[in-house]
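Since the structure comes first, as structure tokens, the remarks are kept for the end.
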Amino acid sequence: MFEARLNNATTLKKILDAIKDLLNEGTFDCSDSGIQLQAMDNSHVSLVSLTLRSDGFDKFRCDRNLSMGMNLGSMAKILKCANNDDTVTIKAQDNADTVTFMFESQNQEKVSDYEMKLMNLDQEHLGIPETDYSCVVRMPAMEFARICRDLAQFSESVVICCTKEGVKFSASGDVGSANVKLAQTFNVDKEEEAIVIEMQEPVVLTFACRYLNAFTKATPLSNQVQLSMSADVPLVVEYRIAELGHIRYYLAPKIED
Amino acid sequence: MAQPSIASYFNTR
């Protein structure tokens, strides 16, 4: 028996919004430690890794490890039927071929359940090595989203240059060129407004705007985003989900032809 | 510039 409950459907809706543009389907691996999903996007350019800890749920029970392959478009249709302040419970029997989403209104007067067929997905899992990154940047998630959106107008690629003074995002194309420089902040009142750079070595890397913009769909989940970069290895864009876990996106830098 | 696949950076488990 598997049962996971969140007192508020908003978080689950936001999580789905953060992955459904990149992935058509995904396998949710459930164990007593929580729920994990790892999947490459449809074109195998980026990787999404979602971790939701069991202790972050309002109720969590998983008697036996369970892998549930879900069509994320179908899941989105179902979650649209939940009000933001509904309690959502995900339920499945062991070895079941369906999963049930139950939504309960705050006053308990409306209870709805939606059963969805599970899919057998033959997805390969990638082993992600622990890496010490040359540069780790933490910045407001809204600011990162804004920069990715703005620079995508000028080029398919954005160059991220990180030194201890700051981080610079650049794009150039037919229209001209754009540069956005952010300095590390000191003594900001609010932690979520801080820009913090931990640098071992400076890096200059080029990434596809299209994927960075897809990652920023996770912005509503977190005030801050963390970018981890080293030469010649994939960038990690991480959004923490308060008290529940995190979503990480991996994207390899572009290389010279 | 070329965009490598993410799979080429991580090992298949």
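The values are calculated or read from the model by the stated rules, or taken from the named source; none is laboratory data. This structure is a prediction, so every number in the text was calculated from the model and none was measured. FYI the Cβ positions are ideal-geometry reconstructions off the backbone, even for glycines, and counts take in every protein chain you see.
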Hey, A:Phe169 of a type in the set (A, V, I, L, M, F, W, C), surrounded by 15 or more Cβ atoms within 10 Å (Cβ to Cβ), more than 14 Å from chain B (Cβ to nearest Cβ) and assigned to a loop (DSSP other than H, G, I, E, B) or not: no
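Conditions (1) within 14 Å of chain B (Cβ to nearest Cβ); (2) out of contact with any Cys (no Cβ under 8 Å at 6 or more places or on another chain); (3) among the acidic types (Asp, Glu); (4) in contact (Cβ under 8 Å) with a residue 24 or more places away in the chain, marked per residue:
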{"site": "A:Tyr211", "(1), (2), (3), (4)": "yes, yes, no, yes"}
{"site": "A:Ala218", "(1), (2), (3), (4)": "no, yes, no, yes"}
{"site": "A:Leu221", "(1), (2), (3), (4)": "no, yes, no, yes"}
{"site": "A:Pro253", "(1), (2), (3), (4)": "yes, yes, no, yes"}
{"site": "A:Glu256", "(1), (2), (3), (4)": "yes, yes, yes, no"}
Failed condition for A:Ala231, given (1) surrounded by 15 or more Cβ atoms within 10 Å (Cβ to Cβ); (2) touching a residue at least 24 places away in the same chain (Cβ under 8 Å); (3) within 14 Å of another protein chain (Cβ to nearest Cβ): (1)
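Listed here are the residues, each with its yes/no results for (1) in contact with a Gly (Cβ under 6 Å, 6 or more places away or on another chain); (2) closer than 30 Å to A:Asp29 by Cβ.
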{"site": "A:Phe103", "(1), (2)": "no, yes"}
{"site": "A:Glu115", "(1), (2)": "no, yes"}
{"site": "A:Glu143", "(1), (2)": "no, no"}
{"site": "A:Ser155", "(1), (2)": "yes, no"}
{"site": "A:Gly166", "(1), (2)": "no, no"}
{"site": "A:Ser170", "(1), (2)": "no, no"}
{"site": "A:Phe186", "(1), (2)": "no, no"}
Output for the range A:76-96, where each listed residue is at pLDDT 95 or above and farther than 14 Å from A:Leu6 by Cβ: A:Ala76, A:Lys77, A:Ile78, A:Lys80, A:Cys81, A:Ala92
Subset of the range A:207-245 (residues that are more than 24 Å from A:Ser33 (Cα to Cα) and acidic (Asp, Glu)): A:Asp232
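Restricting to the range A:21-59, and then to whatever is in a loop (DSSP other than H, G, I, E, B) and in contact (Cβ under 8 Å) with a residue 60 or more places away in the chain, can you tell me which residue is farthest from A:Val88 (Cα to Cα)?
A:Val45
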Test: residue in the range A:143-164 that is within 19 Å of B:Met1 (Cα to Cα), touching a residue at least 24 places away in the same chain (Cβ under 8 Å) and of a type in the set (Asp, Glu): yes
Restricting the range A:60-81 to residues that are among the small types (Gly, Ala, Ser) and assigned to a strand (DSSP E or B), the residue that is farthest from A:Ala252 (Cα to Cα): A:Ser67
Residue, farthest from the other protein chains (Cβ to nearest Cβ), within the range A:12-69, restricted to residues that are of a type in the set (Ser, Thr, Tyr) and in contact with a helix residue (DSSP H, G or I) (Cβ under 9 Å, 6 or more places away or on another chain): A:Ser33
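The rows are residues; the columns are (1) within 14 Å of another protein chain (Cβ to nearest Cβ); (2) in contact with a strand residue (DSSP E or B) (Cβ under 7 Å, 6 or more places away or on another chain); (3) of a type outside the set (Ser, Thr, Tyr); (4) part of a loop (DSSP other than H, G, I, E, B).
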residue: A:Asn83; (1), (2), (3), (4): no, no, yes, yes
residue: A:Val88; (1), (2), (3), (4): no, yes, yes, no
residue: A:Lys91; (1), (2), (3), (4): no, yes, yes, no
residue: A:Met102; (1), (2), (3), (4): no, yes, yes, no
residue: A:Asn107; (1), (2), (3), (4): no, no, yes, yes
residue: A:Tyr114; (1), (2), (3), (4): no, yes, no, no
residue: A:Leu121; (1), (2), (3), (4): no, yes, yes, yes
residue: A:Glu124; (1), (2), (3), (4): yes, yes, yes, yes
residue: A:Ala145; (1), (2), (3), (4): no, no, yes, no
